[in-house]
Amino acid sequence: MSLKKIITRNIFILSLVSLFTDVASEMLYPVMPIYLKHIGFSILLIGILEGFAEAIAGLSKGYFGKRSDISGRRLPFVQLGYALSAISKPMMAMWVYPLWVFFARSIDRIGKGVRTGARDALLSDEATPQTKGRVFGFHRALDTLGAVVGPLLALIYLLYRPNDYKTLFYLAFIPGVVAIALTFLIREKKYTASNVPMPSVKLFAFMSYWRESSVAYRRLVAGLLLFTLVNSSDVFLLLKIKETGLSDSSVIGVYIFYNLVYALFAYPLGGLADKLGMKTVLVIGLMLFAVVYFGMAFAHTWVAFVVLFLLYGIYAAATEGVSKAWISNICEKSHTATAIGAFTGFQSIATLLASSLAGWVWYTWGASATFLLSAIVALLVALYVSQLAYEHIEQC
């Protein structure tokens, strides 16, 4: 099947929206830990902030995913979510008080939560079970291309205006506005809404889906959540590079390289998952993660970091889109946003624990202990996932 037949108009526009949103977000991500330390945040507080922000995103993903399924609408959630993320960027630079920084970061993550389930349901509904690896892979490729362009723009800006981090937060608002405008080009299909009345949706309603879901769903998500408990924010990888004495430009350069690798491999690995099975590619990705984190425990040179981030980009391409594609294949079509929202909801709660735990382990025993623990658990999860049966239900 040709690429043109697989990638529909909605998939392409949604991917462009994600690209521009990631340009905005990733202009800031590699400098975020540097900026936070600059305004007085400790490594432990950075870990708590990142974990808290991801937990907020997770809870809202589950809640709004359920609302999207019940209402039978996708586009309003997509538009609102991207709008919230856009306005959060200049908010981060207005004041440097810890509570305000937590609030602004939360607005950004709530925006991600509002849109994620509905957006992924839109992507899923534009694909078949045999093409979802490529569809989600294409979306991840363009999304991650934004994570190449964004840091590159930040790097160029900081070369001319060193340490002028605040202005970057204001500039990041521009691509965010472009992303919002593009959402108005999406043509939403009519969905069959559930008969459950909207007022019955509660913040933790997505948790009930765990009891209602298939055994295949619970087994897969259980393994992915265990992995998430040791998959802390990438901020810690960037801090490790920074602590070895490399410059801000080097840190951003390595991060750009990682995202470029991710973008280049996302679609091919999605195609490989369609051919060989989601499980095979996902297990390979988890094993690569373990190799990277073992290496990060001992790496001290520029060359070592480049090699490790090359492998890290391939890991991300083999797991991010593939895991969602697998999940969308083992749920009812009318429950896609809830299924993905529930997974990401539990995942973000685990991320809260993971980032906080990583900050505490790093603070107590050092960076090497943090990375070694993650590597060992990732290997165990890879072994567990390799034992799962891969299946999909035809109505998806």
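Results, tabulated for the structure shown:
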{"item": "Flag for residue 339 being surrounded by 24 or more Cβ atoms within 10 Å (Cβ to Cβ) and over 25 Å from residue 73 (Cβ atoms)", "result": "no"}
{"item": "Filtered residue count, the stretch 257-270, keeping only those that are touching a helix residue (DSSP H, G or I) at 6+ places or on another chain (Cβ under 7 Å), open to solvent by 10 Å² or more (accessible area, probe 1.4 Å) and more than 17 Å from residue 292 (Cβ to Cβ)", "result": "2"}
{"item": "Residue in the stretch 174-183 that is in contact with a Lys or Arg (Cβ under 7 Å, 6 or more places away or on another chain) and either among the basic types (Lys, Arg) or at pLDDT 70 or above (or both) present", "result": "yes"}
{"item": "Residue in the stretch 302-318 that is hydrophobic (A, V, I, L, M, F, W, C), touching a residue at least 40 places away in the same chain (Cβ under 8 Å), open to solvent by less than 10 Å² (accessible area, probe 1.4 Å) and under 19 Å from residue 131 (Cβ atoms) present", "result": "yes"}
{"item": "Selected residue [over 30 Å from residue 208 (Cβ atoms), without any contact (Cβ under 8 Å) to a residue 24 or more places away in the chain and small (Gly, Ala, Ser)] from 42, 25", "result": "42"}
{"item": "Qualifying residues in the stretch 342-386 (those that are aromatic (Phe, Trp, Tyr) and open to solvent by 10 Å² or more (accessible area, probe 1.4 Å)) - the one nearest to residue 285 (Cα to Cα)", "result": "384"}
{"item": "Some residue of the stretch 374-388 being out of contact with any Asp or Glu (no Cβ under 7 Å at 6 or more places or on another chain) and more than 27 Å from residue 133 (Cβ to Cβ)", "result": "yes"}
{"item": "Members of the stretch 132-156 found to be touching a helix residue (DSSP H, G or I) at 6+ places or on another chain (Cβ under 8 Å) and open to solvent by 10 Å² or more (accessible area, probe 1.4 Å), listed by number", "result": "134, 138, 140, 141, 142, 143, 145, 148, 149, 152, 153, 155"}
{"item": "Tally of residues being in contact (Cβ under 8 Å) with a residue 24 or more places away in the chain and open to solvent by 20 Å² or more (accessible area, probe 1.4 Å) across the stretch 235-252", "result": "7"}
{"item": "Members of the stretch 196-230 found to be open to solvent by less than 30 Å² (accessible area, probe 1.4 Å), modelled with pLDDT of 75 or more and not in a helix (DSSP H, G or I), listed by number", "result": "213, 230"}
{"item": "The one condition in (1) among the hydrophobic types (A, V, I, L, M, F, W, C); (2) under 22 Å from residue 373 (Cβ atoms); (3) assigned to a helix (DSSP H, G or I); (4) touching a residue at least 24 places away in the same chain (Cβ under 8 Å) that residue 327 fails to fulfil", "result": "(2)"}
{"item": "Selected residue (criterion: nearest to the chain's Cα centre (by Cα)) from residues of the stretch 319-336 that are more than 23 Å from residue 386 (Cα to Cα) and open to solvent by 10 Å² or more (accessible area, probe 1.4 Å)", "result": "335"}
{"item": "Helices (runs of 4 or more DSSP H) contained entirely in the stretch 4-123, each with at least 2 residues that are open to solvent by 40 Å² or more (accessible area, probe 1.4 Å) and closer than 26 Å to residue 361 by Cα", "result": "32-38, 43-71"}
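The values are calculated or read from the model by the stated rules, or taken from the named source; none is laboratory data. Predicted model only: the values in this text are computed from it and were never measured. Here the Cβ is made from the backbone with ideal geometry for all residues, glycine too, and neighbour counts use every protein chain on show. Accessible surface areas use protein heavy atoms only, side chains included; no ligands, DNA or RNA. Shrake-Rupley method; radii C 1.70, N 1.55, O 1.52, S 1.80 Å.
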